[in-house]
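Step one of this worksheet: look at the structure below.
Read-outs throughout are calculated quantities, based only on the coordinates presented, and are distinct from any laboratory measurement. The structure displayed is predicted, hence computed values, not measured ones. Here Cβ is always computed from backbone atoms with ideal geometry, including for glycine, and neighbour counts include all displayed protein chains.
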Ligand SMILES: Nc1ncnc2c1ncn2[C@@H]1O[C@H](COP(=O)(O)OP(=O)(O)OP(=O)(O)O)[C@@H](O)[C@H]1O
Ligand SMILES: [Mg+2]
């Protein structure tokens, strides 16, 4: 029974989306707004298929930047959150600054990255790291705070070492928090990579967008947006799947 | 065989202004089942935290006879709160003391598997704690405590959250495994009947500050079954304990 519900759950959203697209197509056709202002969905699909090979190539670059940045952010945030949890003074020094740093718009930092690190992958990756690092660190820090004191005490009493307490208790205890942070980060990561690419370089969906903008090819722009959305959704779903895999105890009863 | 496993001498403990324990003296002999009986807040759990070195007393001495096998002092401790880890299957939860000691995971699991039946948990090896009933969880936590190789077991109200029937069953069962494994037990409860039924000796604690107001040997013959609960002997013990508790419990 459950399974059927799961399949039908997204139907209303899909239906509504289909309706919107149809509506858009009809409006664009009736009003004859020029294609370079508002392309019809069919124009976008055409642009998508014409640029398929190119978009595929650019997507690879964007994905590479997004995933490497995400990977670095994951390692950094686990280490920093753990150290902050262990050493109170470091948390007091670091955590408020971390929160404040989030008020700086990423679009303002990306150009600095470009000036410092050129037009290759590095500035894009660093932009992704900066964006993804925060939600991860915050959620892991929250998770570590919620670890049950008694669980750790029981292990200490039977002679567990710090390393064993980390593996048997702290790491699994933060997983649900880690994954809720990761789900946010993973969608940000594509966006951050694209912003990095806007400012320079010769590969990536962001680069493709800038080039389309310069030639007023709005259909291409829309097709690039579509690619960004699809990439983000795929990454999100993969993250959900991984979290399902590694936390079997969190699964709802399957009937 | 007659040696002490645990001795506490003149233990005193406060949390800030609050005096929790005052001049606690108690002993557990090899193979003995000793119970701490006292009202809520009398400092029973605090005594366990002192024995396990999770907190330090201001005064007094804790001496634990080291294990025969190792000089490394381990204590089998089951806290009041449920501490089965939600992310580990039952078998791995129970094997934890063996794993922490450095045993290989497969070997540890094997050891646990052979003992599951004794603890009434056969067939539930791969369940997660949230899929189990309260009684089973307590049995699992007890089994984990038994697997800590230590002569001394500290059990903090292991049956408090269970319904009457499950509780009685588990008491009976605990006596069985205790006899089988020949451990020394220090047990906490605030149920008078539970204390009498299980113990060789009962220490009664008063309300704050917790002081030992009675040390009562229970000489009901072993092995005991549930029928002893209706014997005249049992009733006498109950009267004494009830009276002592009434006189020494007050609300703050
Ligand atoms: N870490 C702590 N900090 C401050 N006060 C504490 C702490 N731990 C316990 N206390 C206080 O010490 C007193 C004794 O607590 P304890 O948990 O030992 O009682 P108990 O006899 O086990 O009670 P119960 O039967 O309810 O479990 C209580 O008043 C409690 O509030
Ligand atoms: Mg207690």
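Using only Cα atoms, find the angle between the long axis of helix A:106-117 and the longest principal axis of chain A, and express it within 0 to 90 degrees, rounded to the nearest 10.
90 degrees
What shape does chain A take by its C-alpha gyration tensor, where a ≥ b ≥ c are the square roots of the eigenvalues and a/c under 1.5 counts as rounded, a/b above b/c as prolate, and the rest as oblate?
oblate
Taking every residue in B:147-154, how many Cβ atoms of other protein chains lie within 10 Å of its Cβ, on average?
Average per residue, whole number: 1.
Round to a whole angstrom and tell me the spacing of the C-alpha centers of the stretch A:121-147 and the stretch B:211-251.
The two parts, judged by their Cα centres, are 59 Å apart.
Please work out whether the stretch B:69-199 counts as rounded, prolate or oblate from its C-alpha gyration tensor, where a ≥ b ≥ c are the square roots of the eigenvalues and a/c under 1.5 means rounded, while otherwise a/b larger than b/c means prolate and anything else oblate?
oblate
What does the structure give for B:127-138 when I average, per residue, the other chain Cβ atoms found within 10 Å of the residue Cβ?
Partner Cβ neighbours, averaged per residue: 1.
Between the stretch B:105-155 and the stretch A:25-64, how far is it from one alpha carbon centroid to the other, in angstrom?
61 Å
Could you state the angle between the C-alpha long axis of helix B:105-115 and the longest principal axis of the C-alpha atoms of chain B, as a value from 0 to 90 degrees rounded to the nearest 10?
Approximately 60 degrees, to the nearest ten.
Sort A:13-22, B:227-236, B:7-16, A:180-189 by the packing proxy (mean of other Cβ within 10 Å over each peptide's residues), most packed first. Could the numbers behind the result be given before it?
Numbers: A:13-22: 10.5, B:227-236: 12.0, B:7-16: 15.5, A:180-189: 22.5.
In descending order of packing, they fall as A:180-189, B:7-16, B:227-236, A:13-22.
For the protein assembly as shown, what is Rg from Cα atoms divided by 2.2 N^0.38 Å, rounded to two decimals?
Taking N as the residue count of the protein assembly as shown, the ratio is 1.36.
Shielding of B:84-95 by partners, i.e. mean partner chain Cβ atoms within 10 Å per residue?
What the average comes to for B:84-95 is 3.
Mean-square fluctuation check for chain B, GNM, Cα pairs under 10 Å: which of B:43, B:123, B:31 is largest?
Answer for the Gaussian network model of chain B: B:123.
Of A:149, A:86, A:237, which is the most mobile in a GNM of chain A whose springs link Cα atoms less than 10 angstrom apart?
Result for chain A, Cα springs under 10 Å: A:149 fluctuates most.
Rank by packing, highest mean first: peptides B:210-221, A:163-174, A:28-39, A:197-208, with packing defined as the count of other Cβ atoms within 10 Å averaged across residues. Kindly include the intermediate steps, with their values, before the conclusion.
On the way: B:210-221: 15.8, A:163-174: 17.5, A:28-39: 12.2, A:197-208: 22.1.
Ranked from most to least packed, the peptides come out as A:197-208, A:163-174, B:210-221, A:28-39.
Nearest 10 degrees is fine. How inclined is helix B:90-100 to the longest principal axis of chain B, computing both from alpha carbons?
The helix B:90-100 is inclined about 80 degrees to chain B.
If you bin the C-alpha pair distances of chain B every 5 Å from 0, what whole percents do you get?
1, 6, 13, 17, 19, 17, 13, 8, 5, 1, 0
Could you check what % of the DSSP bridge pairs in chain B are antiparallel, to the nearest 5? Intermediate results must be reported in sequence, preceding the final value.
On the way: 18 of 36 bridges.
Percent antiparallel among DSSP bridges in chain B is about 50.
Which of these, A:124, A:92, A:145, has the largest mean-square fluctuation under a Gaussian network model of chain A (Cα springs below 10 Å)?
A:92
For the stretch A:162-177 and the stretch B:1-54, what is the separation of their C-alpha centers, rounded to whole Å?
31 Å
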